[in-house]
Amino acid sequence: MEAPNREDILRRLADLVVRFDEESIVIACEEALERGIDANDAILNGLACGMREAGELYDSQEYGIPEVLLCADALNRGMDILKPHVRGEQQSMNYNMLIATVEGDIHSIGKNIVKLMLEVGGFEVRDLGEDVTPLQFVQELHQNGGDMVALSTMMTTTLGSMKVTIDEVRREFPKVLFLVGGASVTDDTARKFGAHGFAENATEAVVVAKKLSGHEG
Amino acid sequence: MPLYTPKEELLKTLRGEKIGYFPRCVPIFTPVVDMMKKTGAYFPAANYVAEPMAKLAMAAHELGKWNATMIPWASTVEMEALGCEVLNRDDDIAGYPQFRKRAFTDAYDVSFGKDILEKGSFQAVFGATRIVRARIEKAYNGEIPIISMFQGPFTIASYIIGVNEMYKHMIRDVKRARAVLDVVSDLNILYGNRMLECGGDVIVMSDPAAEGLTGERFAEILLPVYQKIARSIKAPKIIHICGRTSKISPHLADSEFHGFSFDYPGVEVEDLQEKIGGKMALIGSVPTVSHLLEGTRQEVIDISLEMIKRGTDILSPSCGLPQYTPLENVQAIADAIGQWNVGRVD
C-alpha cells in the first residue's frame, strides 16, 4: 500500500480539527511527525487550515459557537504535539501584539479564537484578558512594549470603552496600531474610532494584522 | 383617533390580529443618559432601587414617546441572585452591572432556594413594576403596556456555570446542559409570573447567548425548554435574540411565544417573513449603533419607515440602546410611526 503523501496527511489534520476529534488528532500529529512532515508545515497547512474551515462554517451558520470551541480545543491538542518540533528560526515573527476585550465587557470566546489564529499565523500575542481598562493597556505597554493592540467588544453598551481605550493608549503611544472587531463593531465604527484595521472574523484578523504589520504575503 | 389603545395594539398584534394601522408602542426599552439627566435617576441605583427604576421606566413613554415601557434592563438580575459575582461602579452613571464570576462549577450543582425572589434586585424589579403600573393607571388610564423582561435560560445557564462550559456541554455533555436548563427555566417561570402579578402585561425573554447555537442544537435542546416556559407563563410573550439568527428563527415558530424581536442586519425581515411570518409577530429592528447611536434623527426615521415597509409588525431597537443614544433619536422611532400612520389613523 502506498504511504499517504504530504497533502493527504495535512488534509487529515485539517479534517480532524473541523470534526473536533481531539483523540485522533493527537495520533495523527504524531504520525505526521513520524512520516517526516515538518511541524511548522503541519501547523500552518494542516491544523490552521482546519480552523479556517471551521471559521467559514461558523460564518455560514453551519457551525455554532460550541462546534468552534471544540475545533479550537482540537487545534490546541495538535499544537501541543507539534509545537516542540518547530525549528527555532520558524518560530514567531518579531512582532509584538496585545489582545483584550475592552473594559466592561467580559466576552472571551471570540477574542480567544482570534488570539489562537494570530498565534498560529506566527504572531506573538499577549492576552490581557477581558474587561481590560485603558490604564492596564498603558501600563502593559510601558512595561513590556507592543506594536499592535487588538481590541474586541461584543456589546453595544461597551462600544464606548473601545474608543476611550484607543484614545488613551494613543495619547501615550502614538505609534501603536489598533486592530478592532467584535459583534457590535462595524468597519464604519472602527474608522470613526481611529482604528487602523477592522476584521469581521478570526481569519480576517490574521490577514489584516499581517497587512498592518508589514508581514503580508 | 386610533381605534385602540397602545396596549391593545400590542396585544392584538402579538395575537396576529390586524389593527389597520401600525402599532404605536415600541416594546424593547433600555434607558439612555439623556433620560437619566432629565429624571435624576441614574445607574447603578436605578438597577437596584424601585423608585429610580420606575422613574426611568416612565421615561420610555414620557420622554421617548414610546407608548410602552420595559423593566428591568440589566442582564445580571437572575445571575446575581443565583450567586454570580457582579460589579457596580458608583462613578459610572450609565454603567450596567458587570458580570464577574460564575456561581457554580458543575451544572449538577445548580439550584435555588425558596427565597430566591428575595435575593439580588428581584424585589426592586417587583417594586418598580408596581409603581409604574400605578402611575400608568393614574396618568394614562392604563393604556400604556408594561413589558417585563427576563433573561432566557441559555444565557443564564451560560453565565452561572461558565460560558465555555455551557457551550461545550451542548455537544459533549448534553445531560448536564439539560440539567442546568431545567433548573434555570423553573426560575424563569417563577420570576416571569411574579412580574406579571406586579403589573406586567407582556413578557420579553432575552436570550442572546442562544445566537451561538446551530439550528439543529437549538431545536433539539433549547426549544423544549422555551416551550416549557411558554406553557407555564400565561401572558403574551416575546423572544429577543440579537445577532445572526437565520438558522434558529425557523424553529421559533414552534416555541409557543407570540413575537420575535430580531436584530437587523443580523437577520433580514424578508427572511423572517418567509420562515415565521404569520406565526409570530416580527418586532424590530432599528439598528442601535449605526442609526440610533451614530445616525441623525432623519436617518432613524428613514430606517424605521423602511422596516415598516419591509414587513415588520412592531418597531423596536435591534438590541439594547447604547446609553449615549441622543434622546431625539430615541423619539425618532415614535415620530416615524406617527408619520406612517398619517391618513391611516383618524
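Of the residues B:ASP207, B:ASP254, the single one that is open to solvent by 20 Å² or more (accessible area, probe 1.4 Å) and without any contact (Cβ under 8 Å) to a residue 60 or more places away in the chain is B:ASP254. Residue count for segment A:185-208 under the criterion of being open to solvent by 30 Å² or more (accessible area, probe 1.4 Å), within 12 Å of chain B (Cβ to nearest Cβ) and not in a loop (DSSP other than H, G, I, E, B): the result is 4. Scanning for something closer than 25 Å to B:ASP201 by Cα and free of Cβ contacts under 8 Å to residues at least 12 places away in the same chain, does segment B:83-97 turn up at least one residue? For segment B:83-97, residues closer than 25 Å to B:ASP201 by Cα and free of Cβ contacts under 8 Å to residues at least 12 places away in the same chain: absent. The residue that is least open to solvent (accessible area, probe 1.4 Å), counting only those in segment A:161-184 that are assigned to a loop (DSSP other than H, G, I, E, B) and within 14 Å of another protein chain (Cβ to nearest Cβ), is A:SER184. Filtered by the rule that a residue be within 20 Å of B:ARG130 (Cβ to Cβ) and surrounded by 22 or more Cβ atoms within 10 Å (Cβ to Cβ), segment B:30-41 gives B:PRO31, B:ALA41. A:THR101 fulfils the conditions (1) outside any loop (DSSP other than H, G, I, E, B); (2) out of contact with any His (no Cβ under 6 Å at 6 or more places or on another chain) except for a single criterion, (2). Per the listing B:SER75, B:SER111, the residue uniquely away from every other protein chain (no Cβ under 14 Å) and out of contact with any His (no Cβ under 6 Å at 6 or more places or on another chain) is B:SER111.
For segment B:302-329, the set of residues classified as outside any loop (DSSP other than H, G, I, E, B) and either closer than 23 Å to A:LEU159 by Cα or touching a strand residue (DSSP E or B) at 6+ places or on another chain (Cβ under 9 Å) (or both) consists of B:ILE303, B:SER304, B:MET307, B:ILE314, B:PRO317, B:LEU327, B:GLU328, B:ASN329, listed by residue number. If you check B:ARG244, B:ARG194, B:ARG178 for being surrounded by fewer than 24 Cβ atoms within 10 Å (Cβ to Cβ), within 12 Å of another protein chain (Cβ to nearest Cβ), touching a helix residue (DSSP H, G or I) at 6+ places or on another chain (Cβ under 9 Å) and not hydroxyl-bearing (Ser, Thr, Tyr), only one passes: B:ARG244.
Comparison of A:THR133, A:THR158 shows that the only residue that is within 14 Å of chain B (Cβ to nearest Cβ), open to solvent by less than 20 Å² (accessible area, probe 1.4 Å), polar (S, T, N, Q) and more than 20 Å from the chain's Cα centre (by Cα) is A:THR158.
In the set (1) in a loop (DSSP other than H, G, I, E, B); (2) without any contact (Cβ under 8 Å) to a residue 24 or more places away in the chain, B:GLU137 fails one condition alone, (1).
Looking at A:GLU103, A:GLU140, A:GLU168, which one is among the charged types (D, E, K, R), at pLDDT 95 or above, over 30 Å from A:GLU30 (Cα atoms) and touching a helix residue (DSSP H, G or I) at 6+ places or on another chain (Cβ under 9 Å)?
Going through A:GLU103, A:GLU140, A:GLU168 in turn, just one is among the charged types (D, E, K, R), at pLDDT 95 or above, over 30 Å from A:GLU30 (Cα atoms) and touching a helix residue (DSSP H, G or I) at 6+ places or on another chain (Cβ under 9 Å): A:GLU168.
Taken over segment B:42-69, the criterion of being hydrophobic (A, V, I, L, M, F, W, C) and open to solvent by less than 10 Å² (accessible area, probe 1.4 Å) is satisfied by B:PHE43, B:ALA46, B:MET53, B:ALA54, B:LEU56, B:ALA57, B:ALA59, B:ALA60, B:TRP66, B:ALA68. The set of residues from segment A:17-37 being open to solvent by less than 70 Å² (accessible area, probe 1.4 Å) and under 20 Å from A:HIS85 (Cα atoms) comprises A:VAL17, A:GLU22, A:SER24, A:ILE25, A:VAL26, A:ALA28, A:CYS29, A:ALA32, A:LEU33, A:GLY36, A:ILE37. Of all residues in segment B:275-304, those satisfying the criterion of being out of contact with any Pro (no Cβ under 9 Å at 6 or more places or on another chain) and farther than 24 Å from B:GLN331 by Cα are B:GLY277, B:GLY278, B:LYS279, B:MET280.
Among residues of segment B:285-329 being within 14 Å of chain A (Cβ to nearest Cβ) and β-branched (Val, Ile, Thr), the one that is farthest from B:PRO208 (Cα to Cα) is B:THR325.
In segment A:58-81, the residues that are within 12 Å of chain B (Cβ to nearest Cβ) reach residues that are assigned to a loop (DSSP other than H, G, I, E, B) and small (Gly, Ala, Ser) with C-beta atoms within less than 7 angstrom, at least six apart or across chains, in these pairs: A:GLN61/B:SER246.
Does segment B:162-175 contain any residue that is in contact (Cβ under 8 Å) with a residue 12 or more places away in the chain, open to solvent by 40 Å² or more (accessible area, probe 1.4 Å) and touching a Gly at 6+ places or on another chain (Cβ under 8 Å)? No: zero hits.
The helices (runs of 4 or more DSSP H) falling completely within segment B:1-81 that include 1 or more residues that are more than 18 Å from the chain's Cα centre (by Cα) and closer than 23 Å to B:TYR191 by Cβ map to B:50-62, B:77-81.
Can you find even one residue in segment B:267-284 that is closer than 30 Å to B:ALA41 by Cβ, at pLDDT below 95 and either part of a loop (DSSP other than H, G, I, E, B) or of a type in the set (A, V, I, L, M) (or both)?
yes
All conditions in (1) open to solvent by less than 10 Å² (accessible area, probe 1.4 Å); (2) away from chain B (no Cβ under 14 Å); (3) part of a helix (DSSP H, G or I) hold for A:CYS49, with the sole exception of (1).
In segment B:113-134, what residues are within 21 Å of B:GLY83 (Cα to Cα), part of a helix (DSSP H, G or I) and open to solvent by 60 Å² or more (accessible area, probe 1.4 Å)? Scanning segment B:113-134 gives B:GLU118, B:GLN123.
Specify which of the listed residues (B:ALA103, B:ALA139, B:ALA157) is among the small types (Gly, Ala, Ser) and within 19 Å of the chain's Cα centre (by Cα).
After applying the criteria, what remains is B:ALA157.
Scan segment B:87-112 for residues that are open to solvent by 80 Å² or more (accessible area, probe 1.4 Å) and outside any loop (DSSP other than H, G, I, E, B) and the total you get is 4. Of the listed requirements (1) more than 12 Å from chain B (Cβ to nearest Cβ); (2) under 30 Å from B:VAL32 (Cβ atoms); (3) open to solvent by 60 Å² or more (accessible area, probe 1.4 Å), A:GLU124 misses just one: (2).
The values are calculated or read from the model by the stated rules, or taken from the named source; none is laboratory data. What you see is a predicted model, and the numbers here were worked out from it, not measured in a lab. Counting neighbours? That spans all protein chains shown, and the Cβs are built from the backbone with ideal geometry, glycine included. What goes into the accessible areas is simple: the full protein's heavy atoms, side chains included, and nothing from ligands, DNA or RNA. Shrake-Rupley method; radii C 1.70, N 1.55, O 1.52, S 1.80 Å.
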